[in-house]
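Encoded as structure tokens, the structure appears first; notes follow it.
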Amino acid sequence: MKSLLPLLTSVLAYEADIISDIPGLKKTPVFNSYSGYLNASSDHKLHYFFTESQRPKDDTPLLVWFNGGPGCSSLLGLFTELGPFYLDKNLPNEVFMKDFAWNNIAHTLFIESPIGVGFSYSESEQRPYHVGDSSTARDAELAILNFFEKFPQHAERDFYLSGESYGGIYVPTLGSRLANTENLSVRNRFKGVAIGNGLYNWADNENSMVFFATYHGLIDLEEYSEAAGKCCENSIFDMDNCHFHDSEVQECSDFLAKVAEITWSSGILPYNMYQPCQQPSELNRFFDVITKKVLKRSSRLYKFGGPPCEDDGFLIKYFNRKDVKAAFHVKADIKWETCASNLDYDMQVKDTVPYFNDILDPDYDRKVLIYSGDVDMACNFLGTEHFLESRLVPAIGYQTAKEYREWMSTSDKNGRQVAGFAKDWKSENSKNTLHFRTIRGAGHMVPEDKPREAFKMIATFLKGADSFKNSRTILPLLQRDDYVKVQVSDNL
């Protein structure tokens, strides 16, 4: 009996977290969901929500998701973006099954990270918690290791990390730790990362903001040309020669600040410039935070709150309901917020190239997907492209596998349409690959804006070695009331 005790303990541990009823959900899911806490360093407890696949197979991978911020809850990803459940602000007391949920292709694990975010907490420290890029990655690594202990039935499963926004820091730093972990089983089963509209390099993100704003009509061309003349070497107006980020020239710093103000507080939704701003009164307050948090980037206490222009009141109300907290097995005295309003966060990482280099270790078979909604102003595709072409690809020495081209998706109404654009690189010394995708018309939250295209992209990526070849697979997707079929192929 002694040898059975650890297994029985693990079974009891995860069975205690099973969700028997999601308040407001009228349809019974065909898959199990779990919610509770994972053990991280010391007495840090990270809240998780785990949804098993709707179409499980022996080789179905695990996908771990982190929202960004820093300080925003991964329940946003679960209930508004890629998860199987959906909250509608117009029907705040109901929960729906979401079309094109990513747990049609993977088991999905959502972790609220770091402590102080969502329902995650420390048993001994006092709020506001002092955390940073390093401690966040360490805690997330330990939480994932604890997940495999808690769910032994998934302990031999291949897995990927994913996220968006400041997840461009969260995911590579965590991935680097997992690529070097002493747990050889975890190291071998870690197969790569997928990141959307991420922050990968501060200089690229800030410099590209100027070009994006100019090319989209937010900046007067004469004013831009005047600033560029002072801030760009040899009068060459491109991202390699223009230095608005950390410039010693006051006019350049002032111009970047002006562009940031237009981007973040002009009345346009920063996360999707073509969608309406629902709460424009919040923008000036939010910009005050951005100027301190983004442009200065020192460790300080941020009163951040929810993302600008987004009406998140219905989410806050739902997750703070007593019956919801009880159903999700979380501490009843924690007030859930969209993004932590009091978080002492130290932004330590300025460039993620070294972390991607660890992930793409040639001794392991891994791949990386970097995708961008092309109308996001916060972490725009121009900065991402520059990071890939001018920093990451030269650093890892990859060769172009497929040149820049369109990729296609099928619409119910309009047939095959251009979903975005794509480029791929490969390693000469290993099976490792790097993939870039834009999603046409999507903003910062790609799975929310373009769920069909986002699902096709992630499904194709996760399918394996033939992901980007012309194989075709029909995948059934669970709708609210019935099943439909979607073509996943391709031509990505």
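Name the single residue, out of those in the stretch 145-163 being hydrophobic (A, V, I, L, M, F, W, C) and in contact with a Leu (Cβ under 7 Å, 6 or more places away or on another chain), that is surrounded by the most Cβ atoms within 10 Å (Cβ to Cβ).
Within the stretch 145-163, the match that is surrounded by the most Cβ atoms within 10 Å (Cβ to Cβ) is L161.
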Check: Looking at the stretch 204-218, is at least one residue among the aliphatic types (A, V, I, L, M) and without any contact (Cβ under 8 Å) to a residue 12 or more places away in the chain?
Finding: no
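Okay, residues lined up against (1) among the hydrophobic types (A, V, I, L, M, F, W, C); (2) touching an Asp or Glu at 6+ places or on another chain (Cβ under 6 Å); (3) within 21 Å of V171 (Cα to Cα); (4) without any contact (Cβ under 8 Å) to a residue 12 or more places away in the chain:
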site: E389; (1), (2), (3), (4): no, no, yes, yes
site: I396; (1), (2), (3), (4): yes, no, yes, no
site: T400; (1), (2), (3), (4): no, no, no, no
site: G415; (1), (2), (3), (4): no, no, no, yes
Margin query: Condition first: closer than 22 Å to Y129 by Cα, out of contact with any Pro (no Cβ under 8 Å at 6 or more places or on another chain) and among the hydrophobic types (A, V, I, L, M, F, W, C). Now tell me which residues in the stretch 15-48 satisfy that.
Written below: L38, A40
Checklist line | Count of the stretch 48-96 residues which are of a type outside the set (D, E, K, R), part of a loop (DSSP other than H, G, I, E, B), more than 25 Å from K150 (Cα to Cα) and over 16 Å from the mean Cα position of the chain (by Cα) | finding: 1
Next item on the list: Report whether or not G397 is within 17 Å of the chain's Cα centre (by Cα) and small (G, A, S).
Entry: no
Item checked: Residue that is nearest to the chain's Cα centre (by Cα) [pool: residues in the stretch 316-336 that are in contact (Cβ under 8 Å) with a residue 60 or more places away in the chain and part of a loop (DSSP other than H, G, I, E, B)] -> W336
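Restricting to the stretch 218-267, and then to whatever is of a type in the set (S, T, N, Q) and over 27 Å from the mean Cα position of the chain (by Cα), can you tell me which residue is nearest to F387 (Cα to Cα)?
Only one residue fits best here, namely N241.
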Item checked: Of residues in the stretch 348-388 being surrounded by fewer than 24 Cβ atoms within 10 Å (Cβ to Cβ) and of a type in the set (S, T, Y), the one farthest from G441 (Cα to Cα) -> Y364
Notebook entry, point to check: Going through the stretch 98-142 one residue at a time, which ones are crowded, with 20+ Cβ neighbours inside 10 Å, at pLDDT 95 or above, farther than 27 Å from Q153 by Cβ and not hydrophobic (A, V, I, L, M, F, W, C)?
Noted result: P114, G116, Y121, D133, T136
Next item on the list: Return the total of residues in the stretch 27-47 being without any contact (Cβ under 8 Å) to a residue 60 or more places away in the chain and not in a strand (DSSP E or B).
Entry: 2
Note to self: Please go through the stretch 120-173 and give me each residue that is of a type in the set (F, W, Y), part of a helix (DSSP H, G or I) and closer than 30 Å to L392 by Cα, ordered by number.
What the structure shows: Y170
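Condition check: of a type outside the set (A, V, I, L, M) and modelled with pLDDT under 95. Does F421 satisfy that?
Details: of a type outside the set (A, V, I, L, M): yes; modelled with pLDDT under 95: no.
Against the criterion (of a type outside the set (A, V, I, L, M) and modelled with pLDDT under 95), F421 does not qualify.
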Check: Which of (1) within 24 Å of I169 (Cα to Cα); (2) surrounded by 18 or more Cβ atoms within 10 Å (Cβ to Cβ) does D240 not meet, given it meets every other one?
Finding: (2)
Next item on the list: Scan the stretch 18-47 residue by residue and report those that are of a type in the set (S, T, N, Q), over 19 Å from W336 (Cα atoms) and within 25 Å of the chain's Cα centre (by Cα).
Entry: N32, S33, N39, S41
Notebook entry, point to check: When the residues of the stretch 337-347 are filtered to those that are in a loop (DSSP other than H, G, I, E, B) and among the hydrophobic types (A, V, I, L, M, F, W, C), which remaining residue is surrounded by the fewest Cβ atoms within 10 Å (Cβ to Cβ)?
Noted result: M347
Notebook entry, point to check: Could we say that T433 is more than 22 Å from V353 (Cβ to Cβ) and either surrounded by fewer than 18 Cβ atoms within 10 Å (Cβ to Cβ) or touching a strand residue (DSSP E or B) at 6+ places or on another chain (Cβ under 9 Å) (or both) here?
Noted result: no
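The values are calculated or read from the model by the stated rules, or taken from the named source; none is laboratory data. If you're wondering where the values come from, they're calculated on a predicted model, not measured in any experiment. Here Cβ is always computed from backbone atoms with ideal geometry, including for glycine, and neighbour counts include all displayed protein chains.
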